[in-house]
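Please read the structure below before turning to the comments.
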Amino acid sequence: MDFVHKANTVSDCLLGFKKDESGWKTCKKSNDVIVSWRPSTEFPGNVYKGEGVINGSKEKVWECLEPVPGGLRVKWDNNVKKFELLEQVTEIISVCRTVTPSAAMGIIAPRDFVDVVQIKQYEDGTISSNATNVLHPGCPPQSGFVRGFNHTCGCICVPISGEPNKTQVFSFFQTDLGGLLPRSVVDSFFPSSMVEFYSNLAKAVKSLKDH
């Protein structure tokens, strides 16, 4: 599989999600985040967009979000239990396995996902993580986990001009959880989970600033 080509494609696609304002419907709103959705063109489900401003420099926010083994993400993100590096393809592209705990009061069983991940930096200071599902010989489906599939997804950290201690964060989730879950469970899980994601990210960044 051409991981580099797939990674480049997913980065372009994620940037397209951020730029294209059409068709998004707001489904959840809090003081910190707006979550909206529109039908996915990649699988029979929805793509969800989160948009919020986090109090913290881009470097601190990215330190919390960066998808690396041993990183901070597993400490604060309730939906990431384990993060493993399967293959380092290039300096900015890797293939990783993410394990998620059971959720929705046990209705959603533990899952694992195998993705190609690209870290991309842009001239305006924006930094993003971009991911989509791949097959990898080092990680066939494993017992005890339902294999889920992430379609184009990731996070984009955008510095705010004149506000060095604030960062705009866009997050996109487009996940086929696999298994035989009722659509209603999936549709209620993602918006709530994304609001919690922003709340926990904000706390994680704040705890970094306090050190």
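The values are calculated or read from the model by the stated rules, or taken from the named source; none is laboratory data. Bear in mind the structure is a predicted one, so any value in this text is a computation, not a measurement. When we count neighbours, we look across all protein chains shown, and the Cβ atoms used for this are built from the backbone with ideal geometry, even at glycine. Areas reflect the complete protein model, heavy atoms only, side chains present, ligands, DNA and RNA absent. Shrake-Rupley method; radii C 1.70, N 1.55, O 1.52, S 1.80 Å.
Estimated from helical segments only, the mean residue ellipticity of the chain at 222 nm is -8500 deg cm²/dmol, where each DSSP H run of four or more residues counts as -39500 (n - 2.57). Note on GLU59: accessible area approximately 120 square angstrom, rounded to 10, probe 1.4 Å, nucleic acids and ligands left out. Among the listed values (i) 0.93; (ii) 1.15; (iii) 0.96, the one matching Rg/Rh (Cα atoms, Kirkwood Rh) as calculated from this structure is (i). The value for the range 141-209 of Rg(Cα) / (2.2 N^0.38 Å) is 1.44.
Helices of the chain meeting both criteria, an alpha-carbon length of 18 angstrom or more along the long axis and an average Kyte-Doolittle score not below 0.0, with helices taken as full DSSP H segments, are 3-19, 183-209.
Protein-only accessible surface at a 1.4 angstrom probe places the residues MET105, MET1 in the order MET105, MET1, largest first.
From the Cα gyration tensor of the range 1-106, with a ≥ b ≥ c the square roots of its eigenvalues, which class applies: rounded if a/c is under 1.5, or else prolate if a/b is larger than b/c, or else oblate? It is rounded, given that a/c, with a ≥ b ≥ c, falls under 1.5. Here's the list of lysines a cross-link from LYS60 could span, going by alpha-carbon distance under 23 Å and ignoring same-chain residues fewer than 8 apart: LYS18, LYS49, LYS75, LYS81, LYS82, LYS120, LYS166, LYS203, LYS206, LYS209. Short-range pairs are left out: with C-alpha atoms under 8 Å and at least six residues apart, the relative contact order of the chain is 25 percent. Electrostatic tally near GLY70: other residues with Cβ closer than 13 Å to its Cβ, Lys and Arg +1, Asp and Glu -1, net 0.
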